Amino acid sequence: MRERFSTVALEWQDFVARRFKEDSHLLHKIVTCKSPEQVWSAYADFWKKAADDYGKEFAVMMTTKSMAATEAAAAEGLRSLQMEKAA
């Protein structure tokens, strides 16, 4: 189970690093805009990608956490059966 939580932590760190790059890219894009329309477009693209990225990451995290919970429940069930046999 610890491996699952480590996986979750590493996934989150990777996601934050990827999003930081996107945030930095937005600043660069805004600075190079020549018109208000380009600024609006840059922001719109940024927020659409952010929403997509966060949605995907939420799905990945929920799947990983669900697997960890399933493994923990299975381990607890096995431990209970072993205790019953020992008694």
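Using Cα atoms only, what is the angle between the long axis of helix 2-31 and the major principal axis of the chain, expressed in degrees (0 to 90) to the nearest 10?
0
What aspartates and glutamates could a cross-link reach from LYS21, if we take a straight Cα to Cα line under 19 Å and drop same-chain neighbours fewer than 8 places away?
GLU11, ASP45, ASP52, ASP53, GLU57
Any idea how far apart ALA69 and TRP12 come out in nm if each label point goes 7 Å out from Cα toward Cβ?
Placing both labels 7 Å beyond Cα along the Cβ direction yields 1.6 nm.
Taking a virtual spin label 7 Å from the Cα of VAL39 along the C-beta vector, which residues in segment 6-26 bring their backbone nitrogen under 19 Å of it?
23-26
How large is ³J(HN,Hα), in whole Hz, for each residue of segment 58-75 in order, when computed from phi with the Karplus curve 6.51 cos²θ - 1.76 cosθ + 1.60 and θ = phi - 60°, using x for Gly and Pro?
Using θ = phi - 60°, the values come out as 4, 5, 4, 5, 5, 5, 5, 5, 5, 5, 5, 5, 5, 5, 5, 5, 5, 5 Hz.
In segment 33-87, which trypsin sites (Lys or Arg not before Pro) fall in coil by DSSP and have 10 or fewer other Cβ atoms within 10 Å?
When the trypsin sites (Lys or Arg not before Pro) of segment 33-87 are filtered for loop state and at most 10 Cβ neighbours within 10 Å, LYS34 remain.
Find how many whole Å separate the alpha carbon centroid of segment 54-87 from the alpha carbon centroid of segment 15-44.
With segment 15-44 and segment 54-87 each reduced to a Cα centre, they are spaced 40 Å.
Taking every eigenvalue of the Cα gyration tensor of the chain, multiplying by 5 and rooting it, what semi-axes result, largest first, whole Å?
Working from the Cα gyration tensor, I get semi-axes of 47, 11, 4 Å.
Throughout, read-outs are computed from the coordinates displayed, never taken from laboratory work. These numbers were taken from a predicted model, which means no experiment stands behind them. Cβ atoms come from the backbone with ideal geometry, glycine included; neighbour counts cover every protein chain shown.
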